[in-house]
Amino acid sequence: MRVNLSSAVDARVEVSGLTKQYGGIAVVDDVSFTVEPGSVTGFLGPNGAGKTTTLRMILGLVRPDRGRATVGGVEYADLVAPLEVVGVALESTGFHPGRTGLDHLRIYAAAGSLPSSRAAVVLDLVGLADAGRRKVGGYSLGMRQRLALATALLGDPDVLILDEPANGLDPEGIVWLRQFLKEYADAGRSVLVSSHVLTEMQQLVDRVVILHRGRLIRQATLAELSGDHGDLETAFFELTTNREAQA
């Protein structure tokens, strides 16, 4: 399915020196990277690497001890219309099971001062038009993932930040999502995807950011990583294993 999207004015995400400690332990330690417009960036790292905390700092959900994250030069908390700038899907579980998919989206649209007509538009974009009047409690995990993406798309944002968006999708859905996100980025938008599925990231991303134990260990294009290591999976394990050996 082709997606018609207008180009963004400034969809660059800049992370500079983000640091966060809990109990005296740095879970994110002086992390800096950029998510460039027109690209899909894979945000990778083992469990406990600090990815979720970093994403939450970008979105203003966690206050950093040091550092700054901006979208188009502005911190998330200072965005005038955040849903129209950043679309977020960090989990696919925050749905009321008794509401329909359409009602869920209409509530979020109203909260963001967006027209209710956007609900039907994004349902169609994610392939849920026929399920919009069904209660979310009857949705499969893959359908809830699509609904989470639809919620992120309500404001037609310049930036998408997604955590494990392919989780629960069948092979056809994974191919659809890959095409959708590539076309979204091709329209000048920025896409940041956190995932553990390295084989899928190999086929999706243009750029890669890898964290390990709270620190940035590599930021590169996929072509650069492939040239150095052969493929993304090999690069990931070689880089993280070397860090374990040095620890």
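The values are calculated or read from the model by the stated rules, or taken from the named source; none is laboratory data. Keep in mind it's a predicted model, so treat the numbers as computed, not measured. No Cβ is skipped: glycine too gets one built from the backbone with ideal geometry, and neighbour counts run over all protein chains shown.
Some observations on this one:
- Among the residues making up region 189-214, a single one is of a type in the set (A, V, I, L, M, F, W, C), modelled with pLDDT of 95 or more and part of a loop (DSSP other than H, G, I, E, B): Val205.
- Selected residue [buried (at least 22 other Cβ atoms within 10 Å of the Cβ), closer than 28 Å to Ile210 by Cβ and small (Gly, Ala, Ser)] from Ala152, Ala187: Ala152
- Taking the criterion of being modelled with pLDDT of 95 or more, touching a Phe, Trp or Tyr at 6+ places or on another chain (Cβ under 9 Å) and in a loop (DSSP other than H, G, I, E, B), the only residue of region 140-174 that qualifies is Leu154.
- Exclusive hit being in the same structural domain as Tyr22 (by TED's automatic domain parsing), surrounded by fewer than 18 Cβ atoms within 10 Å (Cβ to Cβ) and under 24 Å from Ala185 (Cα atoms), set Thr54, Thr70: Thr70
For (1) in contact with a helix residue (DSSP H, G or I) (Cβ under 8 Å, 6 or more places away or on another chain); (2) assigned to a loop (DSSP other than H, G, I, E, B); (3) at pLDDT 95 or above; (4) more than 22 Å from Lys51 (Cα to Cα), each residue gets a yes or a no:
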residue: Arg68; (1), (2), (3), (4): no, no, yes, no
residue: Ser92; (1), (2), (3), (4): yes, yes, no, no
residue: Phe95; (1), (2), (3), (4): yes, yes, no, yes
residue: His104; (1), (2), (3), (4): yes, no, yes, yes
residue: Ala110; (1), (2), (3), (4): no, no, yes, yes
residue: Pro115; (1), (2), (3), (4): yes, yes, yes, yes
residue: Asp124; (1), (2), (3), (4): no, no, yes, yes
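- Single residue of Asp30, Asp10 found to be acidic (Asp, Glu), at pLDDT below 95 and assigned by TED's automatic domain parsing to the domain that holds Leu198: Asp10
- Checked against (1) in contact with a strand residue (DSSP E or B) (Cβ under 9 Å, 6 or more places away or on another chain); (2) not assigned by TED's automatic domain parsing to the domain that holds Val40, Leu105 meets all criteria but (1).
- Of all residues in region 140-167, those being within 17 Å of Leu204 (Cα to Cα) and in contact (Cβ under 8 Å) with a residue 60 or more places away in the chain number 8.
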